[in-house]
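Okay, here's the structure, questions in a sec.
The values are calculated or read from the model by the stated rules, or taken from the named source; none is laboratory data. Just so we're clear, the structure is a prediction, and the values are computed from it rather than from any experiment. For neighbour counting, all protein chains shown are included, and Cβ atoms are generated from backbone atoms with ideal geometry for every residue, glycine included.
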Amino acid sequence: MTTHSAAERKTVRIAMNGVTGRMGYRQHLVRSILAIREQGGVPLGDGTVIWPEPVLVGRRPHALRELATRHGLDPEAVSTDLDAVLADPTIDVYFDAQVTLAREEAIGKAIAAGKHIYTEKPTATGLDGALALARQARDAGIKHGVVQDKLFLPGLLKLKRLVEGGFFGEILSVRGEFGYWVFEGDWQEAQRPSWNYRAQDGGGIVVDMFPHWEYVLHELFGRVETVQALATTHIPRRWDEAGEAYDATADDSAYGIFQLAGGTVAQINSSWSVRVNREELVEFQVDGTEGSAVAGLRGCRAQHRSATPKPVWNPDIPATERFREQWQEVPDNGEFDNGFKAQWELFLRHLVADEPYSWDLLAGARGVQLAELGLRSSAEGRRLDVPELHL
Ligand SMILES: NC(=O)c1ccc[n+]([C@@H]2O[C@H](COP(=O)([O-])OP(=O)(O)OC[C@H]3O[C@@H](n4cnc5c(N)ncnc54)[C@H](O)[C@@H]3O)[C@@H](O)[C@H]2O)c1
């Protein structure tokens, strides 16, 4: 990392791989790194700021140059040669938002080259690979972080506030509903990449979403101790980016039950074949002895036991109460930044100022483990223990 005393900037050069993709471009490049530059960097409180300097890496030089030009970066500084970028001693961090299948090898190389790591999830396609990366990183003494963006969503931050404030009493259960209709691609273009629906290309909703559920459940309610899942492919045929039909070999829906340390039971449905009849694309209902809450991406509504209605089951008469209207909106009480950016800032502070940071490659491996065990539970038709991971 270089310090420019004139501007009091600590420059961190970040090789960003996969920035032409959905996540790499929108969330990481535009909404995080470029947004941090637009706000003047990450202030450290001592007059200096961390200044991220992205170096775009990928497979298509034209697309990379176009991206760089569009965003005021040097189009000549882009690269399609990852090995050369990793051999460049001025690069501090390797960031990976490539397709999942390409990640493990690239991160392994980057650690071997002595780079710090920041990466999308899942960190690898299997637990062994994910743990191997975590061990390699520990042995190399580099700093590493894995995206756990859902923790930084306004809705979940408000939910966390309720948990930490003791609002729920004993937390009994968590019910999560995630999903939306992903178009098949024939008469309307699909809104997700086709590799997501091919197991051989690293696709599948379990691999995609269980890593998120692992850290959400773990951080808010307790470590996941068992998993029981049913993963299925409701839509077996889809059409790709070129309009060609293909067989969807990966699961597009997963119905999971998780037992958490402390006794809470969580049940989360994840589906790309469900139409949304909810306030938000993901919602978690938490029921506790003292109160309940429903949190989405942005909103969070709560109901205290003192304000809980007493419905009586009677199908012969129409519902007498408007149950949804009986919940109270939890106020923001602050400003929420983009979740990806918020986590990037914490990682950069960890990197430069050595501030504590726990969302690392071991945390990432826990997500991969839950996905792997979820798929195995589904294949074997039984509930599985989730052993605690150690390096
Ligand atoms: N944190 C989140 O909420 C979240 C959400 C969606 C996806 N993701 C993760 O982000 C990663 C990228 O997902 P995406 O939806 O942006 O995918 P995408 O298909 O839009 O982008 C993939 C990127 O990888 C590059 N790439 C490298 N090697 C490739 C290859 N062999 N084939 C195809 N593309 C290749 C592409 O050029 C592109 O830049 C995945 O690992 C996914 O799990 C995370």
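Can you tell me which residue is farthest from His212 (Cα to Cα) among those in region 123-144 that are in contact with a helix residue (DSSP H, G or I) (Cβ under 7 Å, 6 or more places away or on another chain) and of a type outside the set (A, V, I, L, M)? Write out each step before concluding.
First pass over region 123-144, keeping only residues in contact with a helix residue (DSSP H, G or I) (Cβ under 7 Å, 6 or more places away or on another chain): 123-127, 129-131, 133-134, 136-137, 140, 142-144.
Filter once more, keeping what is of a type outside the set (A, V, I, L, M): 123, 125-126, 129, 136, 143-144.
Working: Thr123: 12, Thr125: 15, Gly126: 15, Gly129: 18, Gln136: 23, Lys143: 21, His144: 18 Å.
Top of the filtered list is Gln136.
Of Leu230, Leu281, which residue is touching a helix residue (DSSP H, G or I) at 6+ places or on another chain (Cβ under 6 Å) and either basic (Lys, Arg) or surrounded by fewer than 18 Cβ atoms within 10 Å (Cβ to Cβ) (or both)?
Working: Leu281 fails: touching a helix residue (DSSP H, G or I) at 6+ places or on another chain (Cβ under 6 Å).
The conditions single out Leu230.
Additional query: I'm trying to understand the selection: among the residues of region 252-266, which are over 25 Å from Pro236 (Cα atoms) and either of a type in the set (Val, Ile, Thr) or part of a strand (DSSP E or B) (or both)?
Correct list: Phe258, Gln259, Leu260, Thr264, Val265, Ala266.
Pick out the one residue from Leu34, Leu64 that is under 25 Å from the mean Cα position of the chain (by Cα) and buried (at least 20 other Cβ atoms within 10 Å of the Cβ).
Leu64
Conditions tested, residue by residue: (1) modelled with pLDDT of 95 or more; (2) out of contact with any helix residue (DSSP H, G or I) (no Cβ under 9 Å at 6 or more places or on another chain); (3) farther than 30 Å from Ala231 by Cβ.
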| position | (1), (2), (3) |
| --- | --- |
| Gln259 | yes, yes, no |
| Asn269 | yes, yes, no |
| Ser273 | yes, yes, no |
| Ala293 | yes, no, no |
| Ala307 | yes, no, yes |
| Lys310 | no, yes, yes |
| Gln326 | yes, no, yes |
| Glu329 | yes, yes, yes |
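Here's another thing I want to ask about it. For region 208-244, give me each residue that is within 22 Å of the chain's Cα centre (by Cα) and among the acidic types (Asp, Glu).
Hits for region 208-244 are Asp208, Glu214, Glu219, Glu225.
Lys10 versus (1) in contact (Cβ under 8 Å) with a residue 60 or more places away in the chain; (2) within 30 Å of Ala132 (Cα to Cα); (3) not hydrophobic (A, V, I, L, M, F, W, C): which is the lone unmet condition?
It is condition (2) that Lys10 fails.
Also, quick follow-up: Which members of region 123-142 meet the condition of being more than 19 Å from the chain's Cα centre (by Cα), surrounded by 17 or more Cβ atoms within 10 Å (Cβ to Cβ) and outside any helix (DSSP H, G or I)?
Ile142 - this is the single residue of region 123-142 that is more than 19 Å from the chain's Cα centre (by Cα), surrounded by 17 or more Cβ atoms within 10 Å (Cβ to Cβ) and outside any helix (DSSP H, G or I).
Would you check which residues across region 145-197 are within 16 Å of the ligand (Cβ to nearest atom) and in a strand (DSSP E or B) and list them?
Hits for region 145-197 are Gly145, Val146, Gly176, Phe178, Gly179.
Further question on the same structure: Evaluate the following for Trp181: is it modelled with pLDDT under 95, surrounded by fewer than 21 Cβ atoms within 10 Å (Cβ to Cβ) and not assigned by TED's automatic domain parsing to the domain that holds Val85?
Here the answer is no, as Trp181 does not meet what is asked.
Just to be sure before I move on: is Val224 closer than 30 Å to Val330 by Cβ and either within 15 Å of the ligand (Cβ to nearest atom) or surrounded by 15 or more Cβ atoms within 10 Å (Cβ to Cβ) (or both) in the structure I sent? Write out each step before concluding.
Values: closer than 30 Å to Val330 by Cβ: yes; either within 15 Å of the ligand (Cβ to nearest atom) or surrounded by 15 or more Cβ atoms within 10 Å (Cβ to Cβ) (or both): yes.
Yes: the conditions hold for Val224.
Need the failing condition index for Trp359 against (1) surrounded by 20 or more Cβ atoms within 10 Å (Cβ to Cβ); (2) closer than 30 Å to Ile235 by Cβ, just the number.
It fails just one condition, (2).
On to the next question. Out of Gly296, Gly374, Gly291, Gly339, report the one residue that is in contact with a Lys or Arg (Cβ under 8 Å, 6 or more places away or on another chain), within 30 Å of Tyr94 (Cβ to Cβ) and surrounded by 18 or more Cβ atoms within 10 Å (Cβ to Cβ).
Gly339
To keep it simple, each residue is scored yes or no on (1) away from the ligand (no atom under 12 Å from the Cβ); (2) small (Gly, Ala, Ser); (3) assigned by TED's automatic domain parsing to the domain that holds Val207.
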| residue | (1), (2), (3) |
| --- | --- |
| Ile14 | yes, no, no |
| Pro43 | yes, no, no |
| Val49 | yes, no, no |
| Arg59 | no, no, no |
| Gly72 | yes, yes, no |
| Ala84 | yes, yes, no |
| Thr100 | no, no, no |
| Glu105 | no, no, no |
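Related question: Condition first: at negative phi and over 22 Å from the mean Cα position of the chain (by Cα). Now tell me which residues in region 94-114 satisfy that.
If we filter region 94-114 for residues that are at negative phi, which is where we start, we get 94-113.
Once the filter is applied, which keeps residues that are at negative phi and over 22 Å from the mean Cα position of the chain (by Cα), region 94-114 yields Lys109, Ala112, Ala113.
May I ask you to list pairs of residues, at least six apart or on different chains, whose Cβ atoms are under 6 Å apart, with the first in region 146-165 being more than 22 Å from Thr100 (Cα to Cα) and the second being in a helix (DSSP H, G or I) and away from the ligand (no atom under 16 Å from the Cβ)?
Lys160/Leu220; Val163/Leu220
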